[in-house]
Amino acid sequence: MASQDSELIKLYSKRILALAAEIPHLGLLEDAHARVTKRSPLCGSTVTVDLCVHEGRITAFGQEVKACALGQASAAIFGAQALGRTRAEVEAVRLALRNMLRFGAEPPAAPFEDYAVLAPAKEYKNRHASILLVLDATVAAFDTLAAGTPP
């Protein structure tokens, strides 16, 4: 048990904690084209994402993050690069991150290479959903827009 606790403490590195403290685009948008909240049933983490999209690209992004430090770090990494992204790009990042967490694959490519800091979370399957929440919510927000559902 002590060994597992020690590994968990290592997981919460200074870099992860620094990212969690500096989440870009915090706060929701007044004029969002789409708003989606996703919740991890395992840990209770929630992320709400607001998007404004023009010609298929994110032009404004807002997020409300109530998650563990790993989920917050993920939201920070994505938030720093969210503007200008298409649904396909977000899906590709989500798939690469999921493969990194599940199978130890390479982290997502630039400009999302900072997700490499979360590679040690591979061993903590109960944290994967929290890490993926911001990407799941963003893809769902694109889906909401495609369906023509108001926020």
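Just a yes or no: is a residue in segment 102-120 closer than 19 Å to R35 by Cα and open to solvent by 60 Å² or more (accessible area, probe 1.4 Å)? Taking every residue of segment 102-120 in turn, none turns out to be closer than 19 Å to R35 by Cα and open to solvent by 60 Å² or more (accessible area, probe 1.4 Å).
The set of residues in segment 36-61 being over 12 Å from F142 (Cβ atoms) and of a type in the set (K, R) consists of K38, R39.
Any residue in segment 143-150 that is touching a His at 6+ places or on another chain (Cβ under 7 Å), open to solvent by less than 70 Å² (accessible area, probe 1.4 Å) and either at pLDDT below 95 or farther than 20 Å from R15 by Cα (or both)? Checked against the condition, which is being touching a His at 6+ places or on another chain (Cβ under 7 Å), open to solvent by less than 70 Å² (accessible area, probe 1.4 Å) and either at pLDDT below 95 or farther than 20 Å from R15 by Cα (or both), segment 143-150 yields at least one hit. Within segment 130-142, the residues that satisfy the criterion of being crowded, with 19+ Cβ neighbours inside 10 Å and either out of contact with any helix residue (DSSP H, G or I) (no Cβ under 8 Å at 6 or more places or on another chain) or of a type in the set (S, T, N, Q) (or both) are S130, A137, T138, A141.
Output yes when any residue across segment 68-79 is at pLDDT 95 or above, under 25 Å from T149 (Cα atoms) and part of a strand (DSSP E or B), and no when none is. Checking segment 68-79: not a single residue is at pLDDT 95 or above, under 25 Å from T149 (Cα atoms) and part of a strand (DSSP E or B). Among the residues of segment 83-113, the ones that are within 14 Å of the chain's Cα centre (by Cα), aromatic (F, W, Y) and not in a loop (DSSP other than H, G, I, E, B) come to 0 in all.
Scanning segment 68-101 for residues that are of a type in the set (A, V, I, L, M) and exposed (fewer than 15 other Cβ atoms within 10 Å of the Cβ), which turns out farthest from K122 (Cα to Cα)? Among those residues, the one meeting the criterion is L83.
The residues of segment 47-77 that are touching a Lys or Arg at 6+ places or on another chain (Cβ under 7 Å) and of a type in the set (S, T, N, Q) amount to a single one, T48.
The values are calculated or read from the model by the stated rules, or taken from the named source; none is laboratory data. Fair warning: this is a prediction, and the values are worked out from it, not measured in the lab. We place every Cβ from the backbone using ideal geometry, glycine too, and count neighbours over all the protein chains shown. Remember, those area values only see protein heavy atoms, side chains included, never the ligands or the DNA or RNA. Shrake-Rupley method; radii C 1.70, N 1.55, O 1.52, S 1.80 Å.
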